[in-house]
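J.: Below you will find the structure I want to go over with you.
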Amino acid sequence: NPNCKAKLVSRLTHFVSKHAMNIDGLSEATLEKFVELGWLSELQDIYDLKNYKSQMMVLDGFGKKSVENLLSAIENSKSVKLENFIYSLGIPLIGRTASKTISKHCKGDPINFYRMINENCDFTCLDDFGATMHDSITNWFRHNYELYRSLAIIMSFVKEEVVETNSKQLAGKSICITGKLIKYPNRDALVKDIELNGGKEAS
C-alpha cells in the first residue's frame, strides 16, 4: 500500500536519522504526530514545517524554544555531504557503506551523481556492487526521480574531505565494527582510521 502511514513514518524516521540528514528533535513519535495532522505526506514536506510554526507552538510538549530549535535544525540539515544525502533517501540495499562508495566515486559532487543517474550508469563497476544493488538503485530512481530532484534542489552540498591513505596495512581488508569502543571516542573515528590505513568498513 503506497499510502500506508506506517511506511511513511518509517521513511521519514530514516531520513532525519543521525547518519542521514541528522535533524535533531524529529523523533518517530513527533513525525507520527505531524503525519496525523496532515503536515507531512512526503520527505520534502519536512522543509515546509516552518509554515506550521504557530500551530506547532500550541501542541503538547512543544514550546517557543523547542520549535525554534527544531526549525533551526531542519534549516541546518540542508548543508549535507553527498554520502549522507544518498543514504537518507532510503534506497533498498543502499546503506551507509554503499552510499559512501557512490559518493567517493562522484568525488562528493552532486552533479557527478546526477550524471550517473541520468546516463544510466552501471553501478556494478563500483566496489562491492552487484547486479541486485544496481537494479535496486535504478528501480528506485525510476519511481522516485521527482522526489530526488525536489530534495536535491534545496540542498547546499558540503565538499567532502578527501581521505588520503597513509599506509597499506589494511589494504584489501573489510572490517565490521562491533562491540564496545575503548581507544576511539565513537564509531566514525574508527572508520576514518580504517580508511586512512587502506581498509574499508563493512556493515
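The values are calculated or read from the model by the stated rules, or taken from the named source; none is laboratory data. A quick note: this is a predicted structure, and the numbers were derived from the prediction, not measured. Please note: Cβ atoms are built from the backbone with ideal geometry, for glycine as well, and neighbour counts cover all protein chains shown. Note: accessible area is taken over every heavy atom of the protein model, side chains too, but ligands, DNA and RNA are not part of it. Shrake-Rupley method; radii C 1.70, N 1.55, O 1.52, S 1.80 Å.
J.: Rank these residues by their accessible area, most exposed first, probe 1.4 Å: 105, 134, 143. Please list the in-between numbers first.
T.: Details: 105 95, 134 35, 143 135 Å².
So, going from the largest accessible area down, we get 143, 105, 134.
J.: So what is log10(I(q)/I(0)) for segment 1-68 at q = 0.12, 0.15 1/Å, when the Debye sum runs over its Cα atoms only?
T.: -0.29, -0.46
J.: Here's another thing I want to ask about it. Could you state the per residue volume, in Å³, of the convex hull enclosing the Cα atoms of segment 98-187?
T.: Details: hull volume 14.4 nm³, N = 90.
Given the Cα convex hull of segment 98-187, per-residue volume reads 161 Å³.
J.: Quick one: if you take sqrt(5λ) for each eigenvalue of the C-alpha gyration tensor of the chain, what semi-axes come out, biggest first, whole angstrom?
T.: 32, 22, 15
J.: What aspartates and glutamates sit close enough to residue 200 to cross-link, taking a C-alpha to C-alpha distance under 14 Å and skipping anything fewer than 8 places away on the same chain?
T.: Answer for residue 200, where 14 Å is the Cα cut-off: 127, 128, 164, 188, listed by chain and number.
J.: Between 0 and 90 degrees, rounded to the nearest ten: what's the tilt of helix 5-16 against the longest Cα principal axis of the chain?
T.: 60 degrees
J.: Ratio of segment 1-116's C-alpha Rg to 2.2 N^0.38 Å, to two decimals?
T.: Taking N as the residue count of segment 1-116, the ratio is 1.14.
J.: Ordering 13, 132 by how much accessible area each has at a 1.4 Å probe, largest first, what is the list?
T.: These residues rank, largest area first, as 132, 13.
J.: Show me the three semi-axes of the equivalent ellipsoid for segment 78-120, from the C-alpha gyration tensor (sqrt of 5 times each eigenvalue), largest first, rounded to whole Å. Mind showing how you got there, number by number?
T.: Working: eigenvalues 44, 31, 19 Å².
The answer is 15, 13, 10 Å, longest axis first.
J.: Hey, how many Å between the Cα centroid of segment 166-195 and the Cα centroid of segment 11-64?
T.: Centre-to-centre (Cα) distance: 34 Å.
J.: I'd like the accessible area for residue 153, computed on protein heavy atoms only with a 1.4 Å probe and all protein chains in place. Round to 10 Å², please.
T.: 130 Å²
J.: Now for a different question. How large is ³J(HN,Hα), in whole Hz, for each residue of segment 133-146 in order, when computed from phi with the Karplus curve 6.51 cos²θ - 1.76 cosθ + 1.60 and θ = phi - 60°, using x for Gly and Pro?
T.: Each residue's phi maps through the Karplus curve to give 5, 4, 5, 5, 5, 5, 5, 4, 5, 4, 9, 10, 4, 5 Hz.
J.: How high is the relative contact order of segment 121-202, in percent, with contacts defined as C-alpha pairs under 8 Å that are six or more residues apart? Before the final figure, lay out each step's value.
T.: Working: 64 pairs, mean separation 22.4, N = 82.
Contact order relative to length: 27 percent.
J.: Given +1 on the Cβ of Lys and Arg, -1 on the Cβ of Asp and Glu, and no further charges, what dipole in debye does the chain carry about its Cα centre, rounded to the nearest 20? List each step's numbers first, then the result.
T.: Numbers: 26 positive and 25 negative charges, 73 e Å.
I would put it at about 360 debye.
J.: Once you put a point 7 Å from the Cα of residue 66 and another 7 Å from the Cα of residue 53, both along the Cβ direction, what distance in nm separates them?
T.: 1.9 nm
J.: Let me ask another. Determine ³J(HN,Hα), in whole Hz, for all residues of segment 61-74 in sequence, where each value follows from phi through the Karplus function 6.51 cos²θ - 1.76 cosθ + 1.60 and θ = phi - 60°; x replaces Gly and Pro.
T.: In residue order, the calculated couplings are x, 10, x, 4, 5, 5, 5, 5, 5, 5, 5, 5, 5, 5 Hz.
J.: Still on this model: Below 8 Å, C-alpha to C-alpha, sequence gap of six or more: please give me the relative contact order for the chain in percent.
T.: Rounded, it is 18 percent for the chain.
J.: Then there is this: What does the convex hull of the Cα atoms of segment 58-156 come to per residue, in Å³, rounded to a whole number?
T.: Numbers: hull volume 12.1 nm³, N = 99.
Looking at segment 58-156, the number lands at 122 Å³ per residue.
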